[in-house]
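Student: Below is a structure I'd like to ask you about.
Derivation of every value follows stated rules applied to the coordinates shown; laboratory data play no part. Just so it is clear, the model here is predicted, and its values are computed rather than measured. Methodologically, a virtual Cβ is constructed for each residue, glycine included, from the backbone with ideal geometry; neighbour enumeration extends over all protein chains shown.
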Amino acid sequence: MAKTPYEIAVIPGDGIGPEVVDAALAVLEECERRYGIALACTPYDFSAELYRRTGRKITAADMDEIGERFDAVLFGAMGLPDVRGPEGLELGAQVEMRAHYGLFASLRPVRLFEGVEGPLTSRDVDMLVIRETSEGMFAGLGDAHEPSDETATDRMTITRATCEKLFDVAFSQARARRKRGTPGHVTLLHKSNALRSNVLMEKVFDEVAAANDDIGSAKHYIDVGSMYMVTDPARYDVIVTENIFGDITSEIAAGIAGGLGIAPSADVSLDHGVFQPSHGSAPDIAGQGVANPTAMILSAAMMLEWLGEQHADETATAVAQRIQSAVETMLAAGTTRPRDLGGEAGTREVADAVIDALA
């Protein structure tokens with residue numbers, strides 16, 4: 001049964017984050033007026049700029065409150081290159097939320113839309129990269145660290161429990177995508193020839209694939225698999241891989257589909273979801289009104305689709321599809337082209353064009 005209004009925590013973040021979030025909220029507000037979905041949005045500031053000014057950053061208590069009170073988190077972009085914590089890493093509340101909520105899967109769909117030029121001769125680019133986000137090469141972020149100018153190490157950890165959940169999501173997503181016309185196929189990118197942790201990952205993948213034999217599957221080493229992304233992108237439907245491999249390959253996929261400005265993402269567990277564009281905070285263009293909000297708008301659509309699945313809400317699912325279709329219409333028309341795609345349209349102009357296309 002649908003739950004409305006949905007309570008949404010909105011974290012704009014840094015750089016262009018607030019601008020693209022405002023654009024996505026304008027589209028959502030229009031959807032509320034047109035289609036009857038109800039959203040109650042509450043803003044939070046956990047930006048790197050806040051940390052610079054006050055030393056305040058997101059805490060476990062903050063995340064407990066958000067997790068208990070809200071149905072989903074809509075997240076802009078966070079981090080500033082010159083604002084770092086004591087360990088020397090950039091501030092990013094999304095990393096803390098991944099760990100706190102157990103957000104083990106980052107869903108990053110990429111498609112070469114009509115009206116968008118990609119760098120390849122092939123236009124057959126329609127894939128979902130699923131990046132594991134709770135362990136892998138990020139498993140040791142909380143480990144004790146002794147600063148040294150001579151040596152530093154990071155830890156990669158793979159567990160059966162997380163792999164089983166991750167691969168279940170991958171095959172489920174492939175099954176859902178097949179209903180929309182994709183092949184329904186899952187490919188594991190791994191490095192089991194060199195990394196012991198990936199031997200376990202490959203073993204668990206084989207087991208889950210055998211239990212989902214209605215869906216095709218394949219495996220490639222991460223190096224050759226990355227090459228195939230640019231030489232033969234049509235071979236991929238759903239890609240699933242380790243944390244750092246997924247971080248890199250999802251950006252390759254975004255590049256061959258036109259860039260990060262149109263690449264949304266969702267970090268999910270079985271009961272929590274954080275939705276944000278794949279791009280960063282881009283502080284060099286912040287405040288100019290020129291950032292492309294398309295990835296943020298598509299991330300908002302992913303949020304509604306996820307809420308529809310979580311609450312069996314056909315209205316939320318339908319509105320998500322309307323936003324997706326409106327973005328496709330806007331891009332195909334070519335009359336309102338964001339600057340990173342070779343046009344002159346600013347942030348609000350793109351949002352207005354999507355709103356117009358909702359009709």
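Student: Residue by residue through segment 51-59, what is 3J(HN,Hα) from phi via Karplus (6.51 cos²θ - 1.76 cosθ + 1.60, θ = phi - 60°)? Round to whole Hz and write x for glycine and proline.
Tutor: Once θ is set to phi - 60°, the couplings for segment 51-59 become 4, 4, 6, 10, x, 8, 9, 4, 10 Hz.
Student: While we're on this one: Taking a ≥ b ≥ c as the square roots of the eigenvalues of the Cα gyration tensor of segment 185-319, is the shape rounded (a/c under 1.5), prolate (a/b larger than b/c) or oblate? The partial results should precede the final answer.
Tutor: Working: a/c = 2.13, a/b = 1.34, b/c = 1.59.
Oblate is the answer for segment 185-319, as a/c is 1.5 or above yet b/c matches or exceeds a/b.
Student: Would you pull out the residues with amide H under 5 Å of residue 133's amide H, same chain only if 5 or more places away, H placed 1.01 Å from N?
Tutor: The answer is 105, 106.
Student: Among 162, 121, 153, which one shows the highest mean-square fluctuation when the chain is modelled as a Gaussian network with alpha-carbon springs under 10 Å?
Tutor: 153
Student: Enumerate by residue number the GluC sites (Glu not before Pro) in segment 145-237 meeting two conditions: DSSP loop (anything except H, G, I, E, B), and at most 12 other Cβ atoms within 10 Å of the site's Cβ.
Tutor: Working: sites: 150, 164, 202, 207; in loops: 150.
Those satisfying the criteria are 150.
Student: Under a point-charge model restricted to the Cβ atoms of Lys and Arg (+1) and Asp and Glu (-1), what is the dipole moment magnitude of segment 234-359 relative to its Cα centre, in debye to the nearest 20? Kindly include the intermediate steps, with their values, before the conclusion.
Tutor: Details: 5 positive and 17 negative charges, 73 e Å.
Computed charge dipole of segment 234-359: roughly 340 debye.
Student: Determine the gain in length on full extension of the stretch residue 203-residue 144; use 0.36 nm per residue of separation and subtract their C-alpha separation, reporting nm with one decimal.
Tutor: Roughly 18.2 nm would be gained on extension.
Student: If you wrap a convex hull around the C-alpha atoms of segment 26-84 and split its volume per residue, what is the figure in Å³? Could the numbers behind the result be given before it?
Tutor: Working: hull volume 5.9 nm³, N = 59.
Normalising the Cα hull of segment 26-84 by residue number yields 100 Å³.
Student: Could you tell me how many cubic angstrom of Cα convex hull volume segment 1-149 has per residue?
Tutor: Spread over its residues, the Cα hull of segment 1-149 gives 194 Å³ apiece.
Student: Using all C-alpha to C-alpha distances in segment 253-359, build P(r) with 10 Å bins and read off the rounded percent in each one.
Tutor: 15, 44, 31, 9, 0
Student: Build a GNM of the chain with springs between Cα atoms under 10 Å: which of 24, 257, 99 gets the top mean-square fluctuation?
Tutor: Most flexible of the set in this elastic network: 99.
Student: Additional query: Simple spin-label model, 7 Å along Cα-to-Cβ: residue 117 to residue 84 in nm?
Tutor: The modelled label-to-label distance comes out at 3.8 nm.
Student: Taking only Cα atoms and a 10 Å spring cutoff, compute GNM fluctuations for the chain and point out the largest among 37, 297, 262.
Tutor: Its mean-square fluctuation being the largest, the pick is 37.
Student: How compact and how long is the chain, expressed as Rg and Dmax of its alpha-carbon atoms in Å?
Tutor: Answer for the chain, Rg first and Dmax second: 19.8, 61 Å.
Student: Tell me the net charge near residue 106. Cut-off is 11 Å between Cβ atoms, residue 106 excluded, with +1 for each Lys or Arg and -1 for each Asp or Glu. Walk me through the numbers on the way to the answer.
Tutor: Numbers: positive: 98, 108, 131; negative: 132, 247, 267.
With Lys, Arg at +1 and Asp, Glu at -1, the neighbours total 0.
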